[in-house]
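Please read the structure below before turning to the comments.
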Amino acid sequence: MHDDTPLTGRPVISSTGLYTPEESISNAELVASFNAYVERFNAAHAAEIEAGEVAALQPSSVEFIEKASGIKSRHVMAKEPILDPEIMAPRWRERSNEEISILAEIGVAAARDALARAGRDAAQVDAVLCAASNMQRAYPAMAIEIQQALGIDGFGFDMNVACSSATFGIQTAADYIRAGHARSVLVVSPEITSGHLNWRDRDSHFIFGDVATAVLVEDAAIAPAQHWDIIGTKLKTVFSNNIRNNFGFLNRATPETEGTPDKLFVQEGRKVFKEVVPMVAQMIVDEAARLGIEPHSLRRLWLHQANAGMNRLISHRVLGHEASEDESPTVLDTYGNTSSAGSIIAFHQHSADLAAGDTGLICSFGAGYSAGTVFVRKVA
Ligand code: COA
């Protein structure tokens with residue numbers, strides 16, 4: 001329909017979409033399950049603990065979780081097995097190759113939401129990027145499965161930059177628009193992070209939640225009247241072992257490695273906090289200067305949602321004062337850390353009230369280390 005429209009090569013965000021799982025786990029439910037596991041473990045190993053051969057496990061606490069992270073609950077795709085002290089992991093029926101996979105299914109739901117909000121027919125989309133921290137399988141790509149489910153004639157591929165996957169996806173999509181290789185690109189981030197979380201690890205069992213988001217990046221020429229100009233994007237990576245997951249196709253579980261925690265998410269939370277805050281704050285200030293934007297003038301920051309304290313410090317450094325909830329909204333309290341989807345949920349839920357001409361920033365950071373900034377300005 002828009003095939004003859006002369007293109008501008010200017011990328012915009014036409015819309016975003018969100019899929020939120022129905023089930024959620026409160027901190028109280030989570031801690032009750034974890035502490036039941038601790039009691040059972042300590043009882044089962046009482047003799048070894050007594051002999052000093054095994055360290056007794058310590059209970060978790062609701063107060064600690066909320067104070068250290070700002071998280072009050074998280075949505076999940078499979079509540080019951082996660083809370084079962086004998087399982088403490090998500091479980092679902094294995095699907096046949098003829099059925100849509102669970103990651104693609106929630107990605108499609110978020111994508112359909114974004115398409116509907118933009119009034120866009122899937123047949124008019126050129127490409128799908130599935131940008132997320134964990135893929136269902138090695139191949140075929142999740143993006144191609146999502147493309148097929150939506151009926152898109154074009155191309156798709158998966159990309160994983162951990163918590164920064166969505167912003168890296170947005171820049172990639174924007175570059176396709178800038179180069180004229182595509183007019184309409186869906187960046188889909190299905191994050192079933194409950195699968196990579198070690199629910200038996202006291203230091204991190206409270207961190208993550210499940211969700212899917214989608215961002216429709218298009219050429220300004222075909223965008224709906226209400227959209228966001230992408231003023232500038234910037235990506236950065238710096239190698240670090242402080243957030244790591246060794247799961248991979250070269251270390252399939254053997255009887256010796258079965259259940260080893262390094263095949264799940266592990267982190268040095270304190271180091272991450274200390275190293276990532278200054279790196280990201282500096283990156284935002286530098287990029288704002290390059291784009292001729294006064295950081296203090298930014299109307300809103302939609303930051304990665306990993307830890308309320310990190311976001312407080314980063315926004316303070318960028319805005320020059322303690323940010324209000326209006327200036328730097330959080331969705332951590334109800335969603336937890338949803339990896340790459342976090343800043344997109346914040347943008348999705350807290351952007352409609354901004355006025356035409358307002359400038360804001362979508363910013364992600366996480367494993368790699370990786371960080372991405374997307375400066376946007378509201379049009380209409
Ligand atoms: N319940 C009760 N106490 C706990 C606990 C739990 N679930 N987990 C840890 N503690 C205790 C620790 O044993 C420690 O006790 P000690 O002082 O007696 O040694 C104390 O609480 C502080 O632990 P620490 O791990 O240093 O907490 P923290 O304040 O650094 O908060 C994080 C932990 C993970 C919330 C925080 O470091 C963080 O969010 N970092 C950044 C994470 C991040 O962004 N990661 C990116 C992932 S994408």
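The values are calculated or read from the model by the stated rules, or taken from the named source; none is laboratory data. If you're wondering where the values come from, they're calculated on a predicted model, not measured in any experiment. Every residue, glycine as well, gets a Cβ built from its backbone with ideal geometry; the counts of neighbours run over all protein chains shown. Just the protein is used for accessible areas: all its heavy atoms, side chains included, with ligands, DNA and RNA removed. Shrake-Rupley method; radii C 1.70, N 1.55, O 1.52, S 1.80 Å.
Do we find a residue being modelled with pLDDT under 95 and either in a loop (DSSP other than H, G, I, E, B) or open to solvent by less than 20 Å² (accessible area, probe 1.4 Å) (or both) anywhere in region 28-46?
No.
Please find, among Asp203, Asp229, the residue that is part of a strand (DSSP E or B), acidic (Asp, Glu) and surrounded by fewer than 20 Cβ atoms within 10 Å (Cβ to Cβ).
Of Asp203, Asp229, the one residue that is part of a strand (DSSP E or B), acidic (Asp, Glu) and surrounded by fewer than 20 Cβ atoms within 10 Å (Cβ to Cβ) is Asp229.
Can you work out which of the residues in region 16-45 that are in contact with a Ser or Thr (Cβ under 6 Å, 6 or more places away or on another chain) and small (Gly, Ala, Ser) is nearest to Ala56 (Cα to Cα)?
The selected residue is Ser26.
Take residues that are within 30 Å of Tyr369 (Cβ to Cβ) and in contact (Cβ under 8 Å) with a residue 60 or more places away in the chain and tell me which of the strands (runs of 3 or more DSSP E) falling wholly in region 53-167 contain 1 or more.
Those strands (runs of 3 or more DSSP E) span 73-75, 127-131.
Given (1) under 29 Å from Ser343 (Cα atoms); (2) more than 16 Å from the ligand (Cβ to nearest atom), where does Ala46 come up short, assuming only one miss?
Of everything listed in (1) under 29 Å from Ser343 (Cα atoms); (2) more than 16 Å from the ligand (Cβ to nearest atom), Ala46 misses just condition (1).
Which pairs have Cβ atoms under 6 Å, sit 6 or more apart or on different chains, and link a residue in region 328-357 that is of a type in the set (Lys, Arg) to one that is open to solvent by 10 Å² or more (accessible area, probe 1.4 Å)?
That search, which allows pairs on different chains as well, returns nothing.
Would you point out which residue out of Ile106, Ile100, Ile152 is in contact with a helix residue (DSSP H, G or I) (Cβ under 9 Å, 6 or more places away or on another chain) and open to solvent by less than 40 Å² (accessible area, probe 1.4 Å)?
Ile152
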